[in-house]
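The values are calculated or read from the model by the stated rules, or taken from the named source; none is laboratory data. Worth saying up front: this structure is predicted, and the values here are computed from it rather than measured. Here the Cβ positions follow ideal geometry from the backbone for every residue, glycine too, while neighbour counts run over all protein chains shown. These area figures cover heavy atoms from the full protein model, side chains too; ligands, DNA and RNA do not enter into them. Shrake-Rupley method; radii C 1.70, N 1.55, O 1.52, S 1.80 Å.
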Amino acid sequence: MCFDFLLVRELTLLRILSQTLTNEITKNITSIGSYAFAYCTALTDISIPSNVTSIGIAAFDRTPWYMSLPDGIIYVGSVLYYHRGDLPDDVVVRDGTKTIGYYAFDDCRNVTSITIPNSVTSIGQYAFVNCTNIKKIICESETPPYLDPFCYLNSSDIKIIVYSEAAFEA
């Protein structure tokens, strides 16, 4: 059952940038709601424009597209959406990522450090929930991204390192 888009069940390919949508509509799409396409059994592929910077919880849960992905970090457009399976101890977020989504690293107990590129502007709710072994977050920007108050950086042992251009000037 699809919660927000019941007709999507009949689609085999979702192309938000397709010719069926005008550029005017597409450029106004900035978020995909929670459970929007969850359980859509015919959703086998997606293409999301880079202006989408927010994807809700379980937006693509249990779709054939999601279920066919290999273990690792899942990117949807410019959003670090979620992960499948175990991640390496040291995670480097892909450059060009704008948002780290809700529950992105949920239950990644083996992750000890995360490097966040300067392209990331926000980190969503519960992004680090149950990440009990994170000790270091390296932010490659002088201005750290917006951290949702409920992103769950709840350990006093975590070191957040923020790059500063001034530190590299002679």
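If we keep just the residues of the range 16-34 that are modelled with pLDDT under 50 and hydrophobic (A, V, I, L, M, F, W, C), which is most open to solvent (accessible area, probe 1.4 Å)?
Filtering first and then ranking leaves 17.
Residue check, residue 37 against (1) out of contact with any strand residue (DSSP E or B) (no Cβ under 6 Å at 6 or more places or on another chain); (2) of a type in the set (A, V, I, L, M, F, W, C); (3) at pLDDT 50 or above; (4) surrounded by fewer than 19 Cβ atoms within 10 Å (Cβ to Cβ), all met but one. Which one?
(4)
How many residues, within the range 61-115, are surrounded by 17 or more Cβ atoms within 10 Å (Cβ to Cβ), under 13 Å from the mean Cα position of the chain (by Cα), assigned to a loop (DSSP other than H, G, I, E, B) and not charged (D, E, K, R)?
Residues flagged as surrounded by 17 or more Cβ atoms within 10 Å (Cβ to Cβ), under 13 Å from the mean Cα position of the chain (by Cα), assigned to a loop (DSSP other than H, G, I, E, B) and not charged (D, E, K, R) within the range 61-115 amount to 9.
For every residue, the table says whether it meets (1) under 18 Å from residue 139 (Cβ atoms); (2) without any contact (Cβ under 8 Å) to a residue 24 or more places away in the chain; (3) in contact with a strand residue (DSSP E or B) (Cβ under 7 Å, 6 or more places away or on another chain).
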site	(1), (2), (3)
48	no, no, yes
61	no, no, no
88	no, yes, no
99	yes, no, yes
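Is it the case, given these coordinates, that residue 122 is modelled with pLDDT of 90 or more, within 21 Å of residue 54 (Cα to Cα) and open to solvent by less than 70 Å² (accessible area, probe 1.4 Å)? Break it down stepwise before answering.
Numbers: modelled with pLDDT of 90 or more: yes; within 21 Å of residue 54 (Cα to Cα): yes; open to solvent by less than 70 Å² (accessible area, probe 1.4 Å): yes.
In short, yes.
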